[in-house]
Amino acid sequence: MNKTTFEEAARLLCETGWLASRTAVFRKELLKHAALKRFTPGQVIFRHGEEGGGIYGLVCGTLTFNSAPPNTIPRLVHFGAPGIWAGEGCFITGEPRRGEMRSLGGAWMMHVPLHSMRHMAASDPRMIQDFAAISFTIMDTLIRIVHDLQMRSASRRIAAVLERSAWLTGRAIPLSQSDLAVMSNTSRAQVNSAIRDFEDKGWVEHSYRSVTVTDIESLRSYVSGEDLE
């Protein structure tokens, strides 16, 4: 992964996602406490059950989010796009992590420690709302995931997973067919059949352990067609 600077990372995060929706005062204060970190492919950023270690914002690269109820094996739920932040739960509740975040193909991330978040909130309690807003951005994504999983058509559920990765349009999505099967609640055979169909239509290109979305609009129209049936 190419090297990036703190200034470049800060600019990107201030223009995209949660941090872009905060005030200039909050952004400036947050970045005073932030550090840019690099994670190698497959490296765990935080695990389920760990004590709080602050929040992380994705600058570039890819992440997987894995979660499950207590005493069960975490499964792949979603993967993050640049601008996404996570890890605020420990600050809000004081409880351990509820999920796992892992670098998929390598990532540069901005990290703000838990003690810095507490310091910011102590100096201005209004900043608690700023940090809590991260949870609502994640909730919006989870609502979309639940909605997609309620689709009757297996091929549309698979298409919905690919459509959620629209930010990667024109680039390979580094997920295997087994990963896509887990995320869409389908079988690997159903994923294989759907990918072949989408490829024949010119919506995607498929290679070993990756899919490239080439026609996001057609894919999106197909997904939304579920509501018309």
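All of the numbers you see were taken from the coordinates with simple rules; none came from a lab. Please read these numbers as outputs of a predicted model, since none were measured by experiment. Cβ sites come from the backbone with ideal geometry, for glycine too, and all protein chains shown count toward neighbours.
For H78, nonlocal amide neighbours, meaning residues 5 or more places apart or on other chains whose placed amide H falls under 5 Å from its own, are F65. Quick check: the distance between the Cα centres of region 16-87 and region 151-203, to the nearest angstrom? About 24 Å separates the Cα centre of region 16-87 from the one of region 151-203.
Seen against the Cα atoms of the chain and their longest principal axis, helix 6-15 is set at about 70 degrees.
Ordering of 144-150, 182-188, 48-54 by packing is 182-188, 48-54, 144-150, highest average first (other Cβ atoms within 10 Å, averaged per residue). Taking the C-alpha atoms only, the angle from helix 154-163 to the longest principal axis of the chain is near 40 degrees. Summarising the amide proton neighbourhood of R98: residues at separation of 5 or more, or on other chains, whose placed amide H is nearer than 5 Å comprise G49.
Helix 114-123 and the long axis of the chain differ in direction by around 60°, with both axes built from C-alpha atoms. Distant-in-sequence amide contacts of R209, defined by a placed amide H-H separation under 5 Å and a gap of 5 or more residues or a different chain, comprise Q177. Highest mean packing first, where packing is the average number of other Cβ atoms within 10 Å per residue, the peptides 199-208, 110-119 line up as 110-119, 199-208. Each of R171 and N71 was given a label point 7 Å from its Cα along the Cα-to-Cβ line. The distance between the two points is 4.1 nm. In the set [x] 69, 56, 37; [y] 56, 38, 34; [z] 79, 52, 31, the label that goes with Cα extents along the principal axes in Å computed for this structure is [y].
Only four residue types carry charge here, +1 at the Cβ of Lys and Arg and -1 at the Cβ of Asp and Glu. Report the dipole size of region 124-229 about the Cα centre in Debye, rounded to the nearest 20.
Computed about the Cα centre, the dipole is about 280 debye.
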